[in-house]
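What follows is a short report on a single structure.
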Amino acid sequence: MEQMSRIYLDHAGATLPSEAQIKEISENLMKDVFRLGNPHSRHQSGETTLDIIKQVKECILTHFGVNSEEYSVIFTKNTSDSLKIMAEIVLNIFDKKAENKKLLICDDSHTSVHGIRHQLTNWKTTVKLFETITSKKNVDPFDLFILTAMSNFTGKKYDKNIIIKLKESNPNILICADLASLCGTSPINFKDFYFPDFVALSFYKIFGYPTGIGALIIKKSAKMEKFSPKGFFGGSVNFYNIETGEFILKENFEEK
C-alpha cells in the first residue's frame, strides 16, 4: 500500500470518490450498449440516456423516501444553481404580488442562501439567529423560509421542528431545505422535514465524482404546475416560430 502523502478534510466542500466508483464509471462508459447521447435525440443512444436519467431520478427520490408522484427532480450545476432556480420559480408563483412578501433566513446559512435576497428584490428579508426564532412562542408570518439543515461552517444540525412553528403562523409558507451539507453525512427522509416544497443539494458532496452536478427537488402542487419560465433553452420547447418568437413549452414540469 502506498504511503499516504496528505490528509483530506474538506468534505463540506466536496467528498473524495472511491477507486471502485471511478473504475465502474469508466467501464460502463466504454460499453457499446452504454454509449450515451443527447436525451432529446430520437436514436438508440439518446433513448438509452433518457431511460438512465429517468431511472436515476427514481433512485434519488427513493433515497429520500418519496416518489415521482410527489416530487420532481431538476438536475443543476450545484446547490447555488438550485437556489437560483428556486428563486425564479418563487417569483413566478407570486408574480406581481411580491411587494409585501417576506423571506426568512438564518444567520448561519451558506452564502448562496444569503445571496437569494438579491434575487427577491421586492421582498422584505429577515435574517435571524436560529435560536431567536425557536425561542419565541409566536413568530411573525413569512412567505418563504430557507432552512440550512446543517451548517457547512460549524457542522451544527438545526432543529427541523422550526418548520411546524412557521407553518402555524402561515400555513401557506413555502419551505426550501438546503441539504447540501447534511446529505453528505446523514441519511435523509423528506418526511423528517415535513415534506418541503423545495430541496437543494449537490451530489459531489455525497459521492465526489462527477463534479458539477446538483439537484433542485420540487414538491408537486398546483402552484408549481403553473410555473412558466421566461423564454426557453434547447430541448424545453415543443414549438418555436423564428419569425414571431412564439413558442410552446413542453408540458412536463421537469423539461420546461
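Taken together, the values in this text are just the output of simple stated rules run on the coordinates, not laboratory data. Because the structure is a prediction, the values reported are computed rather than measured. FYI the Cβ positions are ideal-geometry reconstructions off the backbone, even for glycines, and counts take in every protein chain you see.
Candidates L216, N100, F247 compared by Cα position along the dipole of the chain: farthest toward the positive end lies N100, with charges placed on Cβ. In terms of its C-alpha gyration tensor, the range 122-165 has an oblate overall shape, because the principal axis ratio a/c (a ≥ b ≥ c, square roots of the eigenvalues) is not below 1.5 and a/b does not outweigh b/c.
Roughly how many Å is it from the Cα centre of the range 128-159 to that of the range 1-71, as a whole number? After rounding, the separation between the Cα centres reads 33 Å. Grab the beta carbon distance between I242 and K136, set R0 = 51 Å, and tell me the FRET efficiency rounded to 0.05. About 0.35, to the nearest 0.05. For the range 110-239, a crude dipole built from +1 on the beta carbon of Lys and Arg and -1 on the beta carbon of Asp and Glu, taken about the Cα centre, is about 120 debye to the nearest 20.
Once the chain from T126 to R6 is taken as fully extended at 0.36 nm per residue, the excess over their C-alpha distance is 39.0 nm. Using the average count of surrounding beta-carbon atoms within 10 Å as a protection proxy, the listed peptides 141-151, 240-250 rank, highest first, as 141-151, 240-250.
If you take Cα extents along the principal axes in Å from the coordinates, which of (1) 64, 61, 29; (2) 53, 37, 35; (3) 57, 42, 37 do you get? Entry (1). With unit charges on the beta carbons (Lys and Arg positive, Asp and Glu negative) and the dipole taken about the Cα centre of the chain, which residue among S112, I164, N28 sits farthest to the positive side? The listed residue farthest towards the positive side: I164.
Computed from label points 7 Å out along Cα-Cβ, the spacing between I25 and D95 is 4.3 nm. Please compare each pair in K84/K157; K57/K136; K54/K101 to a cut-off of 29 Å on the Cα-Cα distance and tell me which ones are over it. Over 29 Å Cα-Cα: K57/K136; K54/K101. Which residue, S151, L9, S181, has the largest displacement toward the positive end of the dipole of the chain when charges sit on each Cβ (Lys, Arg +1; Asp, Glu -1)? Value: S151. When +1 charges are put on Lys and Arg Cβ atoms and -1 charges on Asp and Glu Cβ atoms, the dipole computed for the chain relative to its Cα centre reaches about 740 debye.
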